[in-house]
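Take a look at the structure set out below.
The values are calculated or read from the model by the stated rules, or taken from the named source; none is laboratory data. These numbers come from a predicted model, not from an experiment. Note: ideal-geometry Cβ built from the backbone for every residue, glycine included; neighbour counts use all protein chains shown. Quick note on the areas: whole protein, heavy atoms, side chains included, nothing else; ligands and nucleic acids left out. Shrake-Rupley method; radii C 1.70, N 1.55, O 1.52, S 1.80 Å.
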Amino acid sequence: MTCPRPGKLRFFMVALCAWMVSGRRPRTKRNLLIAIACLVYASFVVMQGDVLSRDRPDEYGDKGDGEPVKLLPGSLPAGEPQQYQSTFNPNVVYITIRSKRRKPVNIRGTVRPKIRKKRSAKRSLPETDADSQDSEAAPVLMLGWQAEQRVPDSTGVLTLSRGGKGSWRSSQSATEWNSSIAAESNIRIYSQTAPLWFSQQDIAAMRFLAHSSISRIHKLAQPGRRPLLLFEGIGSDQHSQEPSEGKASPRNRSQAPGCRQSCGLVKRAVDISEVFAFHLDRILGLNRSLPAVVRKIHFVKGGLPRPVIIWDPSLSMADNDTQSTVKLNWISYQQSLKWKCWTHGKVPKPDWSCTDIHHYEWCKLALFDFLLQVYNRLDRNCCGFRPRKEDTCVRKGLKMKCDDQDNIDLVHLIYREHDHRHLVFVDNKGYFDRNEDNLNFKVLEGITEFPESAVSVLKNGHLRERLLQSLFLDKLYWESQGGRKGIEKLIDVIERRARIFLTYINAHGFKVLPMNE
């Protein structure tokens, strides 16, 4: 039997006496008998504790010469009872049981609930090759709807309409197919606000391109070039061409395929780097390229993820060989850079070879093309680097014409119909497989000033972080490049070129100016 401690006994007796003295309990015979019984029991416990304390051997024994000897467990005298020996068991284990967490932790609201996909019957869709240059007929599209079996008109428009009797089931399936695409958006924005470098119009255009319902297909023929394939979409996020802030002229409307809603331009699968170019353009603060995302176009041959770009009807398209609204060759371009046309409000003279484009636009274009190594604007004939066999300039034999560089025309220089001062960057296919010893510095020739907003992003060390955050929004592009590992490899290339560019401008002492006019 284990004896209670004297401190606890004193506390118990004091509490009992206080209970007896207090007037909270009536002084009846019953309460008096209970108090006497408690006192008797307490005195018995105290007396028994004193006896056990006298008879209990100490932790230290006595040899007889006054030196204490420590008794180990199990070395008690032979006459000691077994019950007493068990009280000295040193192997005591304390177990603490923690309560389980019933609900998972929601870290910053990033847990995304799973969306159950709608399973529908597999439909066979006729394929259309968007890469073919010889095809004259418009693509045939079913998507559960019955396409009009007729030769398309001069604009190349193919309308999707409901068929005759008995075709309601097919049209209903098409509606479900389109709604299933819209239900799972490929634009991943889990926070309350999008990245700061995107405007509301950019986000609306990206969502429209990613999961809008397709109502019409347009095929725009181009003499001597690959036809343009556009889709007309109707979605919950109706995209409006607010960045252009103006209406297209009737001439542009006639050139465009006449989209009643917003349209998207379907590019080739090999042009997927244009999506990276769009994000880089916004992060650098240039804001000169059109919104682009990756989307699976099921009616195009292969059904591979392809870049789709918003169709801007306000662009002044040209039907010439250079595909430009600004006609410049290399020598006149270098002369206009020398005079810095339209800077500080000065009006250029007729003999300066200036165009309506502001001088700062060429500075932004040169920086953008150097980071992505886009050569089909300022160096069409690949005169500033060693091209590969599959490059366009080699296949078309343009490399052989580099002996007369001054007369080489610049291509893909386009502005909007209502704004002749600013360029719009189109056909931004970049090249990430070009080594650092084969970079095209010809695109930087003649440029002595560069935009401060872009250079500051390259210097502050946040380019990788912003590109990862920005490219993560486009789910299909992220997956098509191999996830984060593939995206990191692309960013490595851009960062190395950025360091080379910064070394280049520091070595030549070029100026960095604010160009947000």
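Could you list, in sequence order, all residues of the stretch 329-372 that are over 40 Å from the mean Cα position of the chain (by Cα), part of a helix (DSSP H, G or I) and aliphatic (A, V, I, L, M)? If the condition is that a residue be over 40 Å from the mean Cα position of the chain (by Cα), part of a helix (DSSP H, G or I) and aliphatic (A, V, I, L, M), then Ile331 is the only one that fits. Residues that are of a type in the set (Phe, Trp, Tyr), surrounded by 15 or more Cβ atoms within 10 Å (Cβ to Cβ) and touching a strand residue (DSSP E or B) at 6+ places or on another chain (Cβ under 6 Å): does the stretch 481-502 have at least one? Within the stretch 481-502, not a single residue is of a type in the set (Phe, Trp, Tyr), surrounded by 15 or more Cβ atoms within 10 Å (Cβ to Cβ) and touching a strand residue (DSSP E or B) at 6+ places or on another chain (Cβ under 6 Å). Does the stretch 363-386 include one or more residues that are touching a residue at least 24 places away in the same chain (Cβ under 8 Å), closer than 29 Å to Phe276 by Cβ, among the β-branched types (Val, Ile, Thr) and touching a Gly at 6+ places or on another chain (Cβ under 8 Å)? Within the stretch 363-386, one or more residues are touching a residue at least 24 places away in the same chain (Cβ under 8 Å), closer than 29 Å to Phe276 by Cβ, among the β-branched types (Val, Ile, Thr) and touching a Gly at 6+ places or on another chain (Cβ under 8 Å).
Quick grid of which residues meet (1) farther than 29 Å from Gln323 by Cα; (2) among the aliphatic types (A, V, I, L, M); (3) surrounded by fewer than 19 Cβ atoms within 10 Å (Cβ to Cβ):
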site: Asn186; (1), (2), (3): yes, no, no
site: Ile189; (1), (2), (3): yes, yes, yes
site: Phe198; (1), (2), (3): no, no, no
site: Ala204; (1), (2), (3): no, yes, no
site: Ile214; (1), (2), (3): no, yes, no
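Selection of first residues in the stretch 484-504 that are part of a helix (DSSP H, G or I) and of second residues that are β-branched (Val, Ile, Thr), restricted to Cβ pairs under 8 Å at least 6 apart or on distinct chains, gives the following pairs, ordered by first then second residue: Leu502/Val455.
Of all the numbered requirements in (1) touching a Lys or Arg at 6+ places or on another chain (Cβ under 7 Å); (2) within 16 Å of Phe450 (Cα to Cα), Val374 misses one, and that requirement is (2). Among the residues of the stretch 20-40, those that are at pLDDT below 75 and open to solvent by 60 Å² or more (accessible area, probe 1.4 Å) comprise Met20, Val21, Gly23, Arg24, Arg25, Pro26, Arg27.
Looking across the stretch 323-356, just one residue is hydroxyl-bearing (Ser, Thr, Tyr) and on the phi > 0 side of the Ramachandran plot, and that is Ser353. Residues of the stretch 327-376 that are over 23 Å from Glu417 (Cβ atoms) and basic (Lys, Arg): Lys338, Lys340, Lys346, Lys349.
Only helices (runs of 4 or more DSSP H) whose full extent lies in the stretch 387-472 are considered here, and the ones with at least 2 residues that are in contact with a helix residue (DSSP H, G or I) (Cβ under 9 Å, 6 or more places away or on another chain) and either surrounded by fewer than 18 Cβ atoms within 10 Å (Cβ to Cβ) or free of Cβ contacts under 8 Å to residues at least 40 places away in the same chain (or both) are 392-395, 463-471.
Here the condition is being modelled with pLDDT under 85, under 20 Å from Cys263 (Cβ atoms) and of a type in the set (A, V, I, L, M); of Leu229, Leu220, it holds for Leu220 alone.
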